[in-house]
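The values are calculated or read from the model by the stated rules, or taken from the named source; none is laboratory data. On a predicted model such as this, the values are computed, not experimentally measured, just so you know. Every residue, glycine as well, gets a Cβ built from its backbone with ideal geometry; the counts of neighbours run over all protein chains shown. Accessible surface areas use protein heavy atoms only, side chains included; no ligands, DNA or RNA. Shrake-Rupley method; radii C 1.70, N 1.55, O 1.52, S 1.80 Å.
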Amino acid sequence: MISICSSSRISTAIDTSRRPRYILRLDQGSREVTEYLDLLLACGRSKNLGNGRRLHARIVATGHQDVMFLANHILIMYGKCGGMEDLSRAFSGMKRRNIVSWNAVISAYAQNDRSSDAIVIFLRMLLDGIQPSYVTFTSVLNAFAGPELHRWAKLVHDLALEVGFGSHPVVATALLNMYSKVGSIDRARQVFDELAIKDVVSWSNMIAAYAQTGHGTEALEMFHRMDAEGIQANVITFVTVVHACVLVARITDARTIHCRIIEAGLESNTVLGTALLNMYGKCGGLAEAKKIFDKLAERDVVVWSAILEAYARHGHPRVALKLFTLMQQEGVRPNDVTFVGVLEACCHGGFVPEGRFHFASLVRDHELRPTAHHVHCMLDMLGRAGKLEEAESFIARMPVKEEAITWSIFLGSCRSYGDLERGKRAAEKVFEFLPHCRAGYLTLASMYTDAGMPEEAEAVARLMESRCPKKEPGSSKIVVRGRVHEFCVRSQWHPQAKEIYSYLDELHARALELGYVPDTRPLLLGSVERKLHSERLALAFGAMSVPGKRNSPIHIIKNLRVCRDCHEFTKFVSRTMEGREIIVRDTSRFHLFKDGVCSCGDYW
């Protein structure tokens with residue numbers, strides 16, 4: 001505890017090496033001022049706002065509030081402690097301000113997620129005739145946090161260029177990050193390309209910019225370019241590249257990056273090990289994820305949560321729940337992310353009593369607040385189990401309100417169990433919150449089709465066409481011999497298209513012999529014949545390109561949810577492959593098909 005009762009007691013265990021260098025120029029008689037500075041620094045490091053306020057009051061009482069560097073460090077302290085109202089009052093009460101004062105306030109607003117306030121202070125500074133420094137530009141650029149500030153991005157960039165800081169390496173890095181955060185990835189790339197010197201920091205930032213904006217393929221390409229130019233990647237680079245692998249979800253890329261990490265001698269790094277575990281868990285490499293988990297010397301809550309979620313995601317809910325028990329036995333306290341994995345396991349395993357228990361335990365035993373993820377897992381679990389009345393009641397009393405996703409989940413459950421009346425109520429809510437999203441319309445139209453009401457189904461389909469933009473075409477990717485092959489519905493562009501369609505016919509014939517019954521229900525307006533869906537083409541190509549290798553799974557990534565008929569077809573095809581696995585990742589989850597069974601239990 002910092003003592004600030006009197007000036008004679010202003011002394012604690014203070015690290016004087018952290019004092020700003022200009023303090024060394026103070027007269028030896030300024031001991032009290034120096035001690036105030038040390039205490040301000042200590043309050044900022046500990047984020048102790050209460051002590052900071054008391055210290056500020058003491059500085060005012062002793063008449064030192066107008067010492068410029070002390071006044072500036074009061075601002076810095078409040079920013080680090082999150083006392084933004086205190087900061088605003090202190091800044092307004094300053095008799096004199098210098099560039100450090102303005103920079104401190106801009107940086108404080110940026111650090112506390114008050115982007116608009118940071119920009120306003122920056123503009124006020126310019127109107128007051130204060131010349132910004134490179135630190136000013138770095139601080140205000142770091143304040144940009146989302147696309148809503150896009151219109152201010154170019155203004156700040158142009159000002160940086162005008163005063164000669166546009167090519168400053170620190171400012172350029174901040175510009176690159178700023179453009180990625182506001183969604184202007186092309187401008188970020190332009191800033192990167194114009195850098196005179198590109199070091200590991202600038203390369204890593206560009207890779208991160210691609211990864212953070214969902215451009216996983218471009219991030220990986222940038223990493224390989226960096227590698228080719230002889231720039232040695234560091235831990236930060238690899239963590240970002242691992243995230244890019246998660247985005248593209250290709251197990252071949254995951255293994256390649258893992259090899260590079262081993263070559264760099266960084267596999268034992270705890271942060272990277274955790275990232276690798278998470279990557280394999282989300283790229284279909286459960287066995288690799290388990291190996292990394294077993295090797296990690298330190299297993300904190302992040303590591304346990306990642307392996308638990310990996311097993312839940314891959315259709316091993318009982319193993320996931322056993323890991324949860326083991327984790328607690330080893331003294332690791334679960335967090336909110338852990339409970340997402342636990343509830344997903346209960347959901348996919350159909351363990352409704354266990355799910356209810358863990359949801360209640362989250363609050364009762366661990367003093368955590370349920371998030372939207374927890375609520376959606378519970379709702380999905382109840383819907384999967386056919387407990388639609390309980391699910392509807394749960395929506396009415398749930399602690400988190402994210403109604404668009406909530407009602408979409410419930411609508412999907414109503415479709416699975418053919419509850420048209422509840423489905424119509426859910427669809428009305430979905431249309432209210434997501435009027436331009438095709439998914440809700442398609443689900444309701446399918447329910448009408450299943451109920452033998454084709455006219456109502458077509459009416460919903462027409463409503464969808466009038467309200468919604470054209471949907472993203474279905475596509476599936478597969479990597480064969482190091483090359484990515486992408487298929488769309490009715491793909492004809494592939495050089496082996498004739499052979500692929502011929503082999504698909506063979507697979508279809510074999511599936512029919514084993515008892516596969518195609519879905520012959522009428523197609524909705526604008527729908528594509530199920531036999532020509534992209535995942536079937538990718539499956540046929542993968543099976544014919546690498547035939548008969550039991551230890552070579554076929555990995556397919558689909559950009560939409562797998563339809564029921566394709567799911568059923570793939571189950572029957574897996575029976576013809578003598579133990580070979582077919583792994584399909586769609587927008588819902590991983591589907592691991594083997595010997596006629598899917599890990600999702602036919603519910604996704």
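Axis of helix 49-61 versus longest Cα principal axis of the chain: the two differ by about 20°, to the nearest ten degrees. Helix content alone sets the calculated 222 nm mean residue ellipticity of the chain: runs of n ≥ 4 DSSP H residues at -39500 (n - 2.57) each, divided across all residues, give -19500 deg cm²/dmol.
Given a 1.4 Å probe, how much area per residue of the chain is accessible, in Å²?
On a per-residue basis, 48 Å².
Values of log10 I(q)/I(0) for the chain across q = 0.07, 0.11 Å⁻¹ run -0.59, -1.24, by the Debye formula with one identical scatterer at each alpha carbon and no solvent. Could you compute the FRET efficiency for residue 235 and residue 32, with r as their C-beta to C-beta distance and R0 at 45 Å, rounded to 0.05? Calculated transfer efficiency: 0.55.
Note on exposure: 374, 243 ranked by accessible area (1.4 Å probe, complete protein assembly) read 243, 374, with the most exposed listed first. Extension gain, residue 168-residue 453: 0.36 nm per intervening residue step, less the Cα-Cα distance, totals 96.0 nm.
Rounded to 0.05, the FRET efficiency of the residue 95 and residue 49 pair, given R0 = 22 Å and the Cβ-Cβ distance, is 0.35. One chain, two ends: residue 576 and residue 61. Fully extended at 0.36 nm per residue, the span grows by 176.9 nm beyond their Cα-Cα distance. A P(r) calculated from all alpha carbon pairs of the stretch 207-298, with 10 Å bins opening at zero, reads 18, 54, 25, 2 percent. Each residue, residue 481 and residue 161, gets one label point 7 Å from its Cα in the Cβ direction; the gap between the two is 4.7 nm. Residues whose amide H falls under 5 Å from that of residue 475, counting only those 5 or more places apart or on a different chain, are 559, 560, with hydrogens built in the peptide plane.
Charge tally for residue 386 (other residues, Cβ to Cβ under 13 Å; Lys, Arg +1; Asp, Glu -1): -1. From the cross-link list 470/571; 477/498; 282/558, which pairs have alpha carbons spaced over 21 Å apart? Result: 470/571 exceed 21 Å. Scoring 261-267, 433-439 by mean Cβ neighbours within 10 Å over their residues and listing the highest first yields 433-439, 261-267.
Relative to the first principal axis of the alpha-carbon coordinates of the chain, what is the inclination of helix 68-81, with its axis defined by its Cα atoms, in degrees from 0 to 90 and to the nearest 10? Computed tilt is about 30 degrees. Partners of residue 47 within straight-line reach, counting lysines whose Cα lies under 20 Å from its Cα and excluding those fewer than 8 residues away in the same chain: 80. In this structure, the amide hydrogen of residue 563, modeled 1.01 Å from its nitrogen in the peptide plane, lies closer than 5 angstrom to no residue at least 5 positions away or on a different chain. Among the GluC sites (Glu not before Pro) in the stretch 160-260, those located in a DSSP loop and surrounded by at most 12 other Cβ atoms within 10 Å of their own Cβ are 194, 229. The lysines within cross-link reach of residue 198, meaning a Cα-to-Cα straight distance under 27 Å and a gap of 8 or more places when in the same chain, are 154, 181. In terms of the Cα gyration tensor, with a ≥ b ≥ c the square roots of its eigenvalues, is the stretch 97-197 rounded because a/c is under 1.5, prolate because a/b exceeds b/c, or oblate? Since a/c reaches 1.5 but b/c is at least a/b, the shape of the stretch 97-197 is classed as oblate. Applying 0.36 nm per residue to the separation of residue 330 and residue 389 and subtracting their alpha-carbon distance, the gain on full extension is 17.4 nm. The packing ranking of peptides 134-143, 107-116, highest mean first, is 134-143, 107-116, where packing means the average number of other beta carbon atoms within 10 angstrom of each residue.
If I fit a long axis through the Cα atoms of helix 235-248 and take the longest principal axis of the Cα atoms of the chain, what angle between them do I get, 0 to 90°, rounded to 10? Taking Cα atoms only, the helix is inclined about 30 degrees.
Here the stretch 91-121 and the stretch 401-477 have alpha carbon centers that stand 48 Å from each other. Between residue 499 and residue 217, the simple label model (points 7 Å from Cα in the Cβ direction) yields a spacing of 2.3 nm. Normalised Debye scattering of the stretch 339-464 at q = 0.12, 0.14, 0.16, 0.17 Å⁻¹ gives log10 I(q)/I(0) of -0.46, -0.60, -0.75, -0.83, counting only Cα atoms as equal scatterers and leaving out solvent. Peptides 348-361, 75-88, ordered by how many other C-beta atoms sit within 10 Å of their residues on average, highest first, read 75-88, 348-361.
Zone of residue 367 (label point 7 Å along Cα→Cβ, backbone N under 12 Å): which residues in the stretch 320-335? So the set is empty, nothing qualifies.
Round to the nearest 0.05 the FRET efficiency obtained for residue 296 and residue 150 when R0 = 51 Å and r is the Cβ-Cβ distance.
0.80
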